[in-house]
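Here's the structure, in structure tokens; my notes come after.
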Amino acid sequence: MPKADLNIEGLKAAVFDWDNTLAESRSTLVYAINQVLPQYGLESWDKVKEKRDNNLSFKDNFPKIFGDKAEEAYKKYSEIYLKNVAQRITAFPKTHEVLNFFKKHQVAVMIMTNKDRVLFDYELPLLFNPNIFDNIVCGHEAKEDKPFKGHLIWTVKDILSEKDINPKTVWVIGDSPMDSCCAQAAGARPIRIGKSIWGDEEQKTEDICFFNSFVDFYQSLLLSNLK
């Protein structure tokens, strides 16, 4: 993999996705939803996920999957998820080192996720000290969620105005097209790590910086900022 230019001069905020970016939570999600689907006569998640809208969060896709039983099904899902996530969730290798690198260099570290706040607040301290994050915005807390730019604008609003968002001042680090589309819509730099939690990939372009893992991302950060 060619060395990417990750010079942080002028960088004000590193904004991270949560699921499948900082946290390996997909295994818990799939386990929990597969406990619920049979209760409504539905097939496994691998089959049912094809019904989802790529521009909606996992929670907001429940009406598409469960119809008028969506609220009831999501409650069941959440209960199972919360009972199992502590035993399953892990952080990806080098995530802590990356976060500490940004903090060391006075770059604000933030989380922008479409996830339900109740689930997120429970699992965050399982992996990270919440105090390391300068701001966290979950689903339905901004005027619009990813992939729309309003989510990012709301996330960084305490340190940057919309007109000051550009590829040098704000990086959005995530696993999916939803993350990179949000970054590009707001004018920030999109960085993709690993494969999408949903398996929906986008064509690689020069506008998006791709890494196989946080290990590669961290190494490029160090190499790009040697002094």
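Observations on the model:
- Residue in segment 42-50 that is among the basic types (Lys, Arg) and either within 30 Å of LEU226 (Cα to Cα) or free of Cβ contacts under 8 Å to residues at least 40 places away in the same chain (or both) present: yes
- Cβ-Cβ under 7 Å pairs, at least 6 apart or on other chains, segment 161-186 side in contact (Cβ under 8 Å) with a residue 40 or more places away in the chain and hydrophobic (A, V, I, L, M, F, W, C), far side surrounded by fewer than 23 Cβ atoms within 10 Å (Cβ to Cβ) and assigned to a helix (DSSP H, G or I): CYS182/LYS149
- Meets criteria (more than 22 Å from SER196 (Cβ to Cβ), open to solvent by 10 Å² or more (accessible area, probe 1.4 Å), in contact with a Lys or Arg (Cβ under 6 Å, 6 or more places away or on another chain) and of a type outside the set (Phe, Trp, Tyr)) for GLY10: yes
- Elements of type helices (runs of 4 or more DSSP H) in segment 120-227, at least 2 residues being at pLDDT below 95 and buried (at least 17 other Cβ atoms within 10 Å of the Cβ): 177-186
- Exactly one residue out of LYS47, LYS75, LYS83, LYS69 is among the charged types (D, E, K, R), more than 20 Å from the chain's Cα centre (by Cα), over 21 Å from VAL170 (Cβ atoms) and at pLDDT below 95: that is LYS47.
- Comparison of ALA23, ALA73 shows that the only residue that is more than 26 Å from SER213 (Cα to Cα), small (Gly, Ala, Ser) and in contact (Cβ under 8 Å) with a residue 24 or more places away in the chain is ALA73.
- Residue count for segment 1-42, restricted to those that are within 19 Å of VAL137 (Cα to Cα) and basic (Lys, Arg): 1.
- Of all the criteria given as (1) open to solvent by less than 30 Å² (accessible area, probe 1.4 Å); (2) of a type in the set (A, V, I, L, M); (3) in contact with a Leu (Cβ under 7 Å, 6 or more places away or on another chain), the one not satisfied by ALA86 is (1).
- Of all residues in segment 40-62 being touching a Lys or Arg at 6+ places or on another chain (Cβ under 7 Å) and part of a helix (DSSP H, G or I), the one that is most open to solvent (accessible area, probe 1.4 Å): LYS51
- Enumeration of residues in segment 91-119 that are open to solvent by 70 Å² or more (accessible area, probe 1.4 Å) and not in a helix (DSSP H, G or I): PRO93, LYS94, GLN106
- Some residue of segment 88-100 being farther than 30 Å from PHE217 by Cα, among the aromatic types (Phe, Trp, Tyr) and at pLDDT 95 or above: no
The values are calculated or read from the model by the stated rules, or taken from the named source; none is laboratory data. Given the structure is predicted, the values throughout are model-derived calculations rather than measurements. A quick note on method: Cβ atoms are made from the backbone with ideal geometry, for glycine too, and the neighbour counts reach across all protein chains shown. Areas reflect the complete protein model, heavy atoms only, side chains present, ligands, DNA and RNA absent. Shrake-Rupley method; radii C 1.70, N 1.55, O 1.52, S 1.80 Å.
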